[in-house]
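Visitor: My questions all concern the structure below.
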Amino acid sequence: MQAMVLRSMDEVLRLVPEWRALPLDNPFASWEFARDWLSRPEIRPFVVTVRDDDERLVGLASWCLRMQPGGIRLLEGIRGYDAWIHDPWILAPELERPVSDALVTALLERREDWDALDLILSGERSPRLIERLESWGSARRPGDRQHRVTDLSQGWESYWSSRSKSFRSSMRQAQRRLDAWPHRMLEAETDDYQTLLETGIRFSQERWDPERNRDHWYDGLRELAHASAPRGAFSAFGIELDGRVIAVSLVFHAGARAYGTIQGYDPAYAELRVGSLLSVKVFERLAARGTRWIEMGDGAMEWKERMKTHDAETVLIQVGNSLPGKALLSWKYRIKPQLASWLAPSAASR
């Protein structure tokens with residue numbers, strides 16, 4: 001196994017045809033998701049390829065360096081903590097160990113190029129990489145970063161019957177209330193998804209990012225949707241009431257997995273529980289299409305807690321590689337949170 005670190009955009013662009021042809025099971029590892037991010041002025045490529053003795057591409061880590069104040073170089077995944085996971089793509093499960101070892105060797109050989117490492121890795125997909133990197137620094141498994149997953153491998157009826165009776169009953173009641181209004185379910189894929197995409201993003205921003213601090217994340221979803229829709233790897237669902245879209249669910253597809261990235265609704269219709277109703281309808285349709293797992297990312301949102309079957313282990317890896325890098329990680333994960341906890345009671349008392 002031979003690993004190579006691509007540090008320039010010219011090198012990355014030469015890789016793009018191979019990158020786009022990979023059978024990815026994670027849309028956040030795609031070139032389309034990375035393209036805009038890698039062109040930002042504060043970002044430098046740190047894309048690692050792993051090839052076997054026949055020069056076949058068997059591993060790809062789409063990482064980057066984000067320049068911090070003082071010139072500190074932070075090695076992280078594309079779009080940092082806004083992306084769900086930063087795991088490398090690996091051709092086959094039996095190659096996970098040698099590819100991970102090759103990636104670690106590349107990081108060691110290029111240690112002069114980065115000051116700190118901050119990655120989100122899946123315990124299921126990258127056990128060897130976690131093991132190796134954990135020996136360098138710290139590994140945290142915070143509950144609020146664990147990924148919510150729905151297992152549909154036994155079929156919709158089996159899954160739905162496993163939900164609580166109270167939840168199923170509440171959905172039947174909500175459906176009856178919605179049926180009193182003129183409404184319809186919407187589904188868009190190849191060429192008519194734009195309205196639902198933008199409406200879903202607007203719902204999400206208004207609720208979770210009113211100050212517009214995460215525009216780059218939503219821009220990345222737009223790029224990914226535009227690239228994924230023509231090949232059937234993106235779907236947008238909605239509920240329309242009286243000609244107005246009041247709930248949206250955006251889903252990316254990768255093989256037997258689906259990624260539910262945004263579920264949003266108009267708060268004026270919260271009493272109709274349109275968000276939860278749409279989630280149930282979407283999951284049922286995905287199950288009918290053969291989707292076996294739906295990944296919902298982290299965050300303890302009500303709809304995720306009701307729809308999930310289990311949490312998938314997510315590990316936050318931090319490695320300080322220089323004194324400035326260690327200081328940066330200490331500030332981000334120890335000092336800053338501690339200050340926030342000290343100041344929170346004071347702010348509340350005012």
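The values are calculated or read from the model by the stated rules, or taken from the named source; none is laboratory data. Everything numeric here is computed off the predicted structure, so don't read it as measured data. Ideal geometry is used to build each Cβ from the backbone, glycine not excepted, and the neighbour counts take in all protein chains shown.
Visitor: Would a scan of region 146-158 turn up a residue that is in contact with an Asp or Glu (Cβ under 8 Å, 6 or more places away or on another chain), over 24 Å from H86 (Cα atoms) and outside the structural domain of E76 (by TED's automatic domain parsing)?
Guide: So far as region 146-158 goes, yes, one or more of its residues are in contact with an Asp or Glu (Cβ under 8 Å, 6 or more places away or on another chain), over 24 Å from H86 (Cα atoms) and outside the structural domain of E76 (by TED's automatic domain parsing).
Visitor: List the residue pairs whose Cβ atoms are under 6 Å apart, where the first residue sits in region 99-120 and is over 20 Å from R51 (Cβ atoms), the second is hydroxyl-bearing (S, T, Y), and the two are 6 or more positions apart or on different chains.
Guide: D115/S322
Visitor: While we're here: Answer with yes or no whether Y218 is touching a strand residue (DSSP E or B) at 6+ places or on another chain (Cβ under 6 Å) and surrounded by 12 or more Cβ atoms within 10 Å (Cβ to Cβ).
Guide: So Y218 does not fit the description; no.
Results for (1) farther than 21 Å from F283 by Cα; (2) assigned by TED's automatic domain parsing to the domain that holds E32; (3) part of a strand (DSSP E or B), shown as yes or no for each residue.
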site: H216; (1), (2), (3): yes, no, no
site: G220; (1), (2), (3): yes, no, no
site: A225; (1), (2), (3): no, no, no
site: G238; (1), (2), (3): no, no, yes
site: S249; (1), (2), (3): no, no, yes
site: F252; (1), (2), (3): no, no, yes
site: G264; (1), (2), (3): no, no, yes
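Visitor: Another question about this same structure. When only residues in region 142-160 that are surrounded by 12 or more Cβ atoms within 10 Å (Cβ to Cβ) and among the charged types (D, E, K, R) count, which is modelled with the highest pLDDT?
Guide: By that ranking, first place goes to D151.
Visitor: Any idea which of E55, E96 is of a type in the set (D, E, K, R), on the phi < 0 side of the Ramachandran plot and at pLDDT 95 or above?
Guide: E96
Visitor: Being part of a loop (DSSP other than H, G, I, E, B) and buried (at least 17 other Cβ atoms within 10 Å of the Cβ) is the filter; apply it to region 26-52 and report the residue that is modelled with the lowest pLDDT.
Guide: N26
Visitor: A further question on this structure: Give me the pairs: first residue in region 66-83 and touching a residue at least 24 places away in the same chain (Cβ under 8 Å) and of a type outside the set (S, T, Y), second residue assigned to a loop (DSSP other than H, G, I, E, B) and surrounded by fewer than 21 Cβ atoms within 10 Å (Cβ to Cβ), beta-carbon distance under 7 Å, and six or more apart or on different chains, which are they?
Guide: From residues that are touching a residue at least 24 places away in the same chain (Cβ under 8 Å) and of a type outside the set (S, T, Y), the pairs are R66/E42; M67/E42; L74/Q68; D82/R214.
Visitor: Out of the residues in region 68-99 that are in a helix (DSSP H, G or I) and out of contact with any strand residue (DSSP E or B) (no Cβ under 8 Å at 6 or more places or on another chain), state the one that is nearest to G297 (Cα to Cα).
Guide: Looking at residues that are in a helix (DSSP H, G or I) and out of contact with any strand residue (DSSP E or B) (no Cβ under 8 Å at 6 or more places or on another chain), I get D82.
Visitor: Would you mind stating whether R132 is surrounded by 11 or more Cβ atoms within 10 Å (Cβ to Cβ), at pLDDT 90 or above, in a helix (DSSP H, G or I) and in the same structural domain as V274 (by TED's automatic domain parsing)?
Guide: no
Visitor: Name the residues in region 131-171 that are under 17 Å from L121 (Cβ atoms) and of a type in the set (V, I, T), would you?
Guide: Answer for region 131-171, where residues must be under 17 Å from L121 (Cβ atoms) and of a type in the set (V, I, T): just V149.
Visitor: In addition: Mind checking which residues of region 233-259 are within 23 Å of S153 (Cβ to Cβ), small (G, A, S) and buried (at least 23 other Cβ atoms within 10 Å of the Cβ)?
Guide: If the condition is that a residue be within 23 Å of S153 (Cβ to Cβ), small (G, A, S) and buried (at least 23 other Cβ atoms within 10 Å of the Cβ), then S235, S249, A258 are the ones that fit.
Visitor: Enumerate the strands (runs of 3 or more DSSP E) found wholly within region 278-330, keeping only those where 2 or more residues are buried (at least 19 other Cβ atoms within 10 Å of the Cβ) and outside the structural domain of F167 (by TED's automatic domain parsing).
Guide: Passing ranges, in order: 314-320.
Visitor: Hey, does region 202-212 have a residue that's in contact (Cβ under 8 Å) with a residue 40 or more places away in the chain and either aliphatic (A, V, I, L, M) or part of a loop (DSSP other than H, G, I, E, B) (or both)?
Guide: No, region 202-212 contains no residue that is in contact (Cβ under 8 Å) with a residue 40 or more places away in the chain and either aliphatic (A, V, I, L, M) or part of a loop (DSSP other than H, G, I, E, B) (or both).
Visitor: Please state which of the following conditions M296 fails to meet, knowing it meets all the rest: (1) without any contact (Cβ under 8 Å) to a residue 60 or more places away in the chain; (2) over 17 Å from S169 (Cβ atoms).
Guide: (1)
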